[in-house]
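Notes to accompany the following structure.
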Amino acid sequence: MRGEDELIAVSGGMGSHAALRSVTAAEFFGPLDLLLSIGWAGALEPRLKSGDCYVPTETIDAQTGERFSSAGDRGVLRLVTTAHVAGATEKRRLRESYGAALVDMEAATVARLAQIRGVPFVCFKGVSDAPDAELPDLNPFIDEQGQMRMAPFLAHVALQPRFWGPLMEMGKNSSVAARAIAKRVNEFLETKEIH
């Protein structure tokens, strides 16, 4: 509890289904009056720094073309939601196709659910990887629940040293981004304003 607010946090995993399960689980406690999408995203533009947290003003569903507006950072900052983890080539295509600066796998679903419920939506995304990051294909290692299957993934990359450095960099960026996300979310919960 912060003041009179009751806060419900649900960590559901990656992807649309995980986002839907998370919102459904939160609603078990009663009607919601605000939905936040909090997590990591890949940068599509070099100007966005890995490890920083951004608050997009528009979220686009790449599968349906739907666009959702929200309170966010100054100017226009678009995030596009895809059904899979985007590699460097896909990131370039998404930037060109949507004019987006970030890519994730959940925010559009949360935005749609907020719109259906008639409640505000705000998105906080920490940058885990740069636009040109050459990472292994993570998609085969994400299970139906939106969780990484770490043992098979680690076995896969153990024999591919070219990915070790980029993965360590992504881990470092994700850790720094987690602190940046926490700071921005806590500031928002105190004031209900984007700083």
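The values are calculated or read from the model by the stated rules, or taken from the named source; none is laboratory data. What you are looking at is a predicted structure, and each value in this text was computed from that prediction instead of being measured. Heads up, the Cβs are rebuilt from the backbone with ideal geometry, glycines too, and the neighbour counts pull from every protein chain shown.
Count of region 139-195 residues, restricted to those that are within 20 Å of A43 (Cα to Cα), among the polar types (S, T, N, Q) and exposed (fewer than 14 other Cβ atoms within 10 Å of the Cβ), is 2. Here are some conditions: (1) more than 14 Å from G126 (Cα to Cα); (2) touching an Asp or Glu at 6+ places or on another chain (Cβ under 8 Å). M170 meets all but one. Which one does it not meet? Failing condition for M170: (1). Considered as a group, the residues in region 82-111 that are of a type in the set (D, E, K, R) and surrounded by fewer than 23 Cβ atoms within 10 Å (Cβ to Cβ) include one that is nearest to P31 (Cα to Cα), and that residue is R95. Of the residues making up region 62-86, those that are β-branched (V, I, T) and either closer than 25 Å to N139 by Cα or modelled with pLDDT of 95 or more (or both) are T64, V80, T81, T82, V85. Restricting attention to region 112-138, the residues that are buried (at least 21 other Cβ atoms within 10 Å of the Cβ), over 12 Å from the mean Cα position of the chain (by Cα) and among the small types (G, A, S) total 2. Listed by first and then second residue, the pairs linking a residue in region 121-150 that is more than 21 Å from L36 (Cβ to Cβ) to a residue that is hydroxyl-bearing (S, T, Y), with Cβ atoms under 7 Å apart and 6 or more places separating them unless they lie on different chains, are D129/S50; A130/S50. Among the conditions (1) out of contact with any Phe, Trp or Tyr (no Cβ under 7 Å at 6 or more places or on another chain); (2) at pLDDT 95 or above, T59 misses just one, which is (1). Where residues in region 51-81 are surrounded by 20 or more Cβ atoms within 10 Å (Cβ to Cβ) and of a type in the set (S, T, N, Q), which of them is nearest to the chain's Cα centre (by Cα)? The qualifying residue nearest to the chain's Cα centre (by Cα) is T81. The lone criterion from (1) surrounded by fewer than 16 Cβ atoms within 10 Å (Cβ to Cβ); (2) closer than 16 Å to P120 by Cα left unmet by F28 is number (2).
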